[in-house]
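Only one structure is covered here, and it is reproduced in the block below.
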Amino acid sequence: MSSSSSILPQPFYPVSLRNSVQEREESLPDAFPTVPTYRIPDAIFVPTGFITPAHLHFVRSHGAVPQCPPLPSSYETWQIQVHGRVAHPKTFTVRNLAETFQVVTLPVTMVCAGNRRKEQNVARKSLGFSWGSAGLSTALWTGVYLSDILAHVRPLKSCGARHVIFEGADQLPKGPYGTSQKLSWAEDKAKGMLIAWAMNGLPLEPDHGFPVRLIVPGQIGGRMVKWLTRIQVSDVESHHYVSQPVWKHANADPWELRG
């Protein structure tokens, strides 16, 4: 069996995990801001540059973390079914994805929709936890473009393909967790949607969706299904309980929803 390290990028250790300036020689793209060089204080929460380490990255789940096979077998046995209104339905393992498509690493800032809800609740009571301002984190996510997967299976637009539905392995009282995207958005590589298996160069941790998850830049964290098991091309958007009706505007252009 192949080692899991062969499909992982070089680990990027945020500044908070370094002990000396000499160890902070990151090989990041030139366009990235310079990582600050400073001595690490004894405090648990310290400045970490613009990349959030996994142990400080916010966590939000809607149910218990599902049990998954450990590394390295999970990359060989965990399956993602891609089906629905497509010409070539297929089931991928994580290794299949890495060997079939271009592997990329993108910096993505993720925010929970409930970020600063505590302040909102002062003015008007809402649903959900009273989050402070820490539901916001940035990490380097490694995986393959969702658009490449869709191009591979060929959505049948002539048969009504309009949406892409994502479903995770977490079991909730009213069914599994799931969301959806417009097919036109999911096919747009410029939007940067990823099926990802690594975070900051290391395998995903269970709380962050191990072994594989969806990443959607520019949208709330709740759209990014963890423990991904199914991608369905459909004529309708997701009917998963948590997606209706609270997120009925989730597929609208966010700029149109401002103000």
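Quick one: VAL246 ticks every box in (1) more than 27 Å from LEU8 (Cα to Cα); (2) modelled with pLDDT of 95 or more bar one, so which box is it?
Unmet condition: (2).
What tally of residues in segment 52-78 results from selecting those that are within 18 Å of LEU194 (Cβ to Cβ) and either open to solvent by 60 Å² or more (accessible area, probe 1.4 Å) or part of a loop (DSSP other than H, G, I, E, B) (or both)?
Here the count works out to 4.
Of the residues that make up segment 185-198, is at least one outside any helix (DSSP H, G or I), more than 26 Å from PRO72 (Cα to Cα), in contact (Cβ under 8 Å) with a residue 40 or more places away in the chain and open to solvent by less than 50 Å² (accessible area, probe 1.4 Å)?
Pass one, segment 185-198, residues outside any helix (DSSP H, G or I): 187-188, 192-198.
Then drop every residue that is not more than 26 Å from PRO72 (Cα to Cα), which leaves 187-188, 192.
Applying the additional criterion that residues be in contact (Cβ under 8 Å) with a residue 40 or more places away in the chain yields 187-188, 192.
Narrowing the set further to residues that are open to solvent by less than 50 Å² (accessible area, probe 1.4 Å) leaves 192.
Yes, segment 185-198 has at least one match.
Return a yes/no flag: does segment 152-172 have any residue that is touching a helix residue (DSSP H, G or I) at 6+ places or on another chain (Cβ under 9 Å), at pLDDT below 90 and surrounded by fewer than 23 Cβ atoms within 10 Å (Cβ to Cβ).
The answer is yes; a qualifying residue exists.
What are the residues in segment 129-151 that are touching a residue at least 60 places away in the same chain (Cβ under 8 Å) and open to solvent by 50 Å² or more (accessible area, probe 1.4 Å), if any? Write out each step before concluding.
Step one: filter segment 129-151 for residues touching a residue at least 60 places away in the same chain (Cβ under 8 Å), giving 134-143, 146, 149-150.
Once the filter is applied, which keeps residues that are touching a residue at least 60 places away in the same chain (Cβ under 8 Å) and open to solvent by 50 Å² or more (accessible area, probe 1.4 Å), segment 129-151 yields ALA134, LEU136.
Taking the conditions exactly as written (modelled with pLDDT of 95 or more and over 25 Å from GLU76 (Cα atoms)), does ASP148 satisfy them or not?
So ASP148 does not fit the description; no.
So ASN251 clears everything in (1) modelled with pLDDT of 85 or more; (2) among the polar types (S, T, N, Q); (3) surrounded by fewer than 20 Cβ atoms within 10 Å (Cβ to Cβ); (4) touching a helix residue (DSSP H, G or I) at 6+ places or on another chain (Cβ under 9 Å) except one condition, right? Which one?
Every listed condition holds for ASN251 apart from (1).
Is it the case that TRP141 is within 14 Å of ARG213 (Cα to Cα) and touching a strand residue (DSSP E or B) at 6+ places or on another chain (Cβ under 9 Å)?
Working: within 14 Å of ARG213 (Cα to Cα): yes; touching a strand residue (DSSP E or B) at 6+ places or on another chain (Cβ under 9 Å): yes.
Yes; evaluated as a whole, the condition is true for this residue.
HIS88: assigned to a loop (DSSP other than H, G, I, E, B) and open to solvent by 60 Å² or more (accessible area, probe 1.4 Å), yes or no? I'd like the intermediate steps shown before the answer.
Working: assigned to a loop (DSSP other than H, G, I, E, B): yes; open to solvent by 60 Å² or more (accessible area, probe 1.4 Å): yes.
Here the answer is yes, as HIS88 does meet what is asked.
State whether the residues of segment 126-138 include one that is in contact with a Leu (Cβ under 9 Å, 6 or more places away or on another chain) and under 21 Å from TRP197 (Cβ atoms).
The answer is yes, given that some residue of segment 126-138 is in contact with a Leu (Cβ under 9 Å, 6 or more places away or on another chain) and under 21 Å from TRP197 (Cβ atoms).
Against the conditions (1) under 18 Å from GLU205 (Cβ atoms); (2) surrounded by fewer than 19 Cβ atoms within 10 Å (Cβ to Cβ); (3) of a type outside the set (Gly, Ala, Ser); (4) under 17 Å from the mean Cα position of the chain (by Cα), where does CYS112 fall short? Just the number, please.
(2)
The values are calculated or read from the model by the stated rules, or taken from the named source; none is laboratory data. Only a predicted model underlies this, so the values are computations on that prediction, with no experimental measurement involved. Every residue, glycine as well, gets a Cβ built from its backbone with ideal geometry; the counts of neighbours run over all protein chains shown. Side chains included, ligands, DNA and RNA excluded: accessible areas come from the protein's heavy atoms. Shrake-Rupley method; radii C 1.70, N 1.55, O 1.52, S 1.80 Å.
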